[in-house]
Amino acid sequence: MTQNPPAVSDTPVLKLLNVESAYGPIRAIRGVSLQVRRGEIATVLGSNGAGKTTILKTISGIIDPRKGSVEFKGESITAKDPAYIVQQGLSHVPEGREVFPLLSVHDNLLMGAYTRKDKDGIARDMEAVYTYFPILRERAQQDAGLLSGGQQQMLAISRSIMAAPDLMLLDEPSLGLSPKLTKEIFEIVVRINRERGTTILLVEQNANMALNASDYGYVLENGRIVMEDTCARLREKDDIKEFYLGMKEAGVRGERRWKKKKNWR
Ligand SMILES: Nc1ncnc2c1ncn2[C@@H]1O[C@H](COP(=O)(O)OP(=O)(O)OP(=O)(O)O)[C@@H](O)[C@H]1O
Ligand SMILES: [Mg+2]
């Protein structure tokens, strides 16, 4: 097992240019441009309703953009059929998991591999998934609908691994999970990137987790990218600390202590 990050290439595997998507009169994303380089974990941070899910749905062809273009591995996939986009090597783990509740855990995993023909590879990846999430091995024959929310999230990510994608889109893997489980899931996300070389685009409200796990980040507000940088640099920015990492109070307390020391009011 290697923990070294995969070599990140400068060539973008995914490129969005001025993408605009709407639901009727609601313009959910308004001219979004972003890139994901091969081998990296990129993240889009944003609060409720910022447009994170809409970005992922537009990439994977669930909704067609009104304007702009989406390029994957150098080819335009703008407004292409979702099934075609999956076949090109792009896998989307949607918000809210969406496992097949009446199929067993094992069969859910096999569904993830439906476009593949390499039996040996499928068996290897099944073993990898059961190593990442031992609980899924224990529950392999149980209906997926009986799993807990956290276990369903594990299954949804695992089903995506079974597709052996070049790019994995993850929509809020931390949603509804305890802090402990969120940490575990994020550790596995990083391992998927490090050990399998899978490029990942992650959208999250949990800025702390996302910034720690990712290489490069974008901040989305009201459908627009308002900031982008390496995650190391984003973590140091005051706006990010205050609005996304909830460190405002810490900042105010620090200021009070400092004023007291100086005998200021
Ligand atoms: N099916 C829909 N019909 C109408 N408006 C929608 C629909 N889906 C999303 N919207 C609107 O589009 C905007 C962006 O929504 P989106 O789901 O992309 O946000 P998000 O960043 O994923 O939010 P959350 O963190 O709550 O999941 C919001 O104003 C939302 O109300
Ligand atoms: Mg969302």
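Looking across 121, 112, one residue alone is more than 19 Å from the chain's Cα centre (by Cα) and either under 16 Å from residue 171 (Cα atoms) or away from ligand 1 (no atom under 16 Å from the Cβ) (or both). It is 121.
For segment 22-37, how many residues are of a type in the set (Gly, Ala, Ser), within 13 Å of ligand 1 (Cβ to nearest atom) and either touching a Gly at 6+ places or on another chain (Cβ under 9 Å) or outside the structural domain of residue 231 (by the TED database) (or both)? Number of matching residues: 1. For segment 27-55, which residues satisfy the criterion of being in a loop (DSSP other than H, G, I, E, B) and within 16 Å of ligand 2 (Cβ to nearest atom)? 46, 47, 48, 49, 50, 51 - these are the residues of segment 27-55 that are in a loop (DSSP other than H, G, I, E, B) and within 16 Å of ligand 2 (Cβ to nearest atom). Of the residues 78, 58, the single one that is within 16 Å of ligand 2 (Cβ to nearest atom) and farther than 22 Å from residue 192 by Cβ is 58.
Check whether at least one residue in segment 71-91 is away from ligand 1 (no atom under 16 Å from the Cβ), within 30 Å of residue 240 (Cα to Cα) and of a type in the set (D, E, K, R), and report yes or no. Checked against the condition, which is being away from ligand 1 (no atom under 16 Å from the Cβ), within 30 Å of residue 240 (Cα to Cα) and of a type in the set (D, E, K, R), segment 71-91 yields at least one hit. The residue of segment 54-73 that is surrounded by the most Cβ atoms within 10 Å (Cβ to Cβ), among those that are under 17 Å from residue 88 (Cα atoms) and of a type in the set (S, T, N, Q), is 58.
Residues in segment 231-256 that are at pLDDT 90 or above and assigned to a helix (DSSP H, G or I): 231, 232, 233, 234, 235, 236. Would it be correct to say that residue 63 is in contact (Cβ under 8 Å) with a residue 60 or more places away in the chain and either of a type in the set (A, V, I, L, M) or not assigned by the TED database to the domain that holds residue 173 (or both)? Judged against the criteria, residue 63 is not a match. If the condition is being closer than 22 Å to residue 205 by Cα and more than 9 Å from ligand 1 (Cβ to nearest atom), then segment 38-70 contributes 40, 41, 42, 43, 45, 58, 59, 60, 62.
With the condition kept exactly as written, say whether any residue in segment 98-121 is farther than 20 Å from residue 200 by Cα, surrounded by 14 or more Cβ atoms within 10 Å (Cβ to Cβ), modelled with pLDDT of 95 or more and β-branched (Val, Ile, Thr). Taking every residue of segment 98-121 in turn, at least one turns out to be farther than 20 Å from residue 200 by Cα, surrounded by 14 or more Cβ atoms within 10 Å (Cβ to Cβ), modelled with pLDDT of 95 or more and β-branched (Val, Ile, Thr).
The values are calculated or read from the model by the stated rules, or taken from the named source; none is laboratory data. The structure presented is a predicted model; accordingly, all values stated were derived computationally and were not measured. Heads up, the Cβs are rebuilt from the backbone with ideal geometry, glycines too, and the neighbour counts pull from every protein chain shown.
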